[in-house]
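This report concerns only the one structure given below.
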Amino acid sequence: MRRFTLVPERVDGARVTFDGDESRHLTRVLRLRPGDTVVATDGAGRDYTVRLETVGPRATGTVLGIAAGASESPLAITLVQCVPKGDKMEAIVRAATELGVRRVVPALAERTVVRLEPAGWRERARRWQRVAREAAKQSRRAVIPEVDPPRPLVDCLAAVRADLALCVWEGQAPPLAEALARAGGPLRTAALLVGPEGGLAQNEVEAAREGGWTLAHLGPRILRTETAGPAVIAILQARFGDLGSMGGHLGAPHVS
């Protein structure tokens, strides 16, 4: 059955109203018609079975049933990702969402190349949130990760708290396996800090260390910023989360 997203505020009793993007997709792309049945997830853990009543700029439907969506990972991961060049952030948000991240915090570091006015960053954040929504829909997640507006890295470090906070760094640091072994488990929350192209500056690494972040080295190969985050997230989910497990009504995670 076709899947769509909506915010809880668009559910009014037994009636739902889809936003412009979803209405356009179901009407112009999929060419659905009144009477067709779809699934709409509210991004907060509920799936609605909806019979379409009207299609057009603001499609509407009637709720036929409500069910709990696919279960989320027991490990809530926050990715603090220093903003890279071009459209790399979109790829990072998409992969992180598919891997079960709960929150993405874009950070502006000393070596961040992109420089925008506040309005430009707000527009980027809205675009990244749309990417997260689409990725959640594709991967059949019932919860859409929150994507924060970009802010200075020092503010991000102070705002994020977790049972395990990892700062991946190519300098002198223990290997990731050692850092995870020391963490023990089980963990409820984890945070991951990934630098931009060119890596984190020494003073930023020290600020992270002083703030309680654990430094970790990823091994003999230097990973691109758009590779490092998803790679470590997958390791965290396999060790402390649900990657590879038989959980929820969808079964094991699979490739689509």
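Taking the stated definitions as given, is residue 251 on the phi > 0 side of the Ramachandran plot, at pLDDT below 95, open to solvent by 50 Å² or more (accessible area, probe 1.4 Å) and in a loop (DSSP other than H, G, I, E, B)?
Values: on the phi > 0 side of the Ramachandran plot: yes; at pLDDT below 95: yes; open to solvent by 50 Å² or more (accessible area, probe 1.4 Å): no; in a loop (DSSP other than H, G, I, E, B): yes.
No; evaluated as a whole, the condition is false for this residue.
How about segment 92-105: which of its residues are open to solvent by 50 Å² or more (accessible area, probe 1.4 Å) and either in a loop (DSSP other than H, G, I, E, B) or in contact with a helix residue (DSSP H, G or I) (Cβ under 7 Å, 6 or more places away or on another chain) (or both)? Explain how you work it out, then say what you get.
The first filter runs over segment 92-105 and keeps only residues open to solvent by 50 Å² or more (accessible area, probe 1.4 Å), leaving 94, 98, 102-103.
Matches in segment 92-105: 94, 98, 102.
Could you grab me the full set of residues in segment 106-162 that are among the small types (Gly, Ala, Ser) and in a helix (DSSP H, G or I)? Reasoning before the result, please.
To start, the set of residues in segment 106-162 that are among the small types (Gly, Ala, Ser) comprises 107, 109, 119-120, 125, 132, 135-136, 139, 142, 158-159, 162.
119, 120, 125, 132, 135, 136, 158, 159 - these are the residues of segment 106-162 that are among the small types (Gly, Ala, Ser) and in a helix (DSSP H, G or I).
Can you tell me which residue in segment 177-235 is surrounded by the most Cβ atoms within 10 Å (Cβ to Cβ), limited to those that are under 22 Å from residue 86 (Cα atoms) and among the hydroxyl-bearing types (Ser, Thr, Tyr)?
Within segment 177-235, the match that is surrounded by the most Cβ atoms within 10 Å (Cβ to Cβ) is 225.
Going through 65, 61, 35 one at a time, which residue ends up being under 17 Å from residue 1 (Cα atoms), open to solvent by less than 50 Å² (accessible area, probe 1.4 Å), assigned to a loop (DSSP other than H, G, I, E, B) and out of contact with any helix residue (DSSP H, G or I) (no Cβ under 9 Å at 6 or more places or on another chain)?
Result: 35 is the single residue among 65, 61, 35 that is under 17 Å from residue 1 (Cα atoms), open to solvent by less than 50 Å² (accessible area, probe 1.4 Å), assigned to a loop (DSSP other than H, G, I, E, B) and out of contact with any helix residue (DSSP H, G or I) (no Cβ under 9 Å at 6 or more places or on another chain).
Name the one entry in 72, 53 that is surrounded by 15 or more Cβ atoms within 10 Å (Cβ to Cβ) and in contact (Cβ under 8 Å) with a residue 12 or more places away in the chain. Lay out the reasoning, then the answer.
Details: 53 fails: surrounded by 15 or more Cβ atoms within 10 Å (Cβ to Cβ).
Answer to the check: 72.
List the residue pairs whose Cβ atoms are under 6 Å apart, where the first residue sits in segment 156-167 and is acidic (Asp, Glu), the second is at pLDDT 95 or above and crowded, with 16+ Cβ neighbours inside 10 Å, and the two are 6 or more positions apart or on different chains.
What qualifies is 163/189.
The values are calculated or read from the model by the stated rules, or taken from the named source; none is laboratory data. Quick caveat: nothing in here was measured; it's all calculated off a predicted structure. With ideal geometry, Cβ positions are generated from the backbone for all residues, glycine too; neighbour counts draw on all protein chains shown. To get the accessible areas, we keep the full protein, side chains included, count just its heavy atoms, and leave off ligands, DNA and RNA. Shrake-Rupley method; radii C 1.70, N 1.55, O 1.52, S 1.80 Å.
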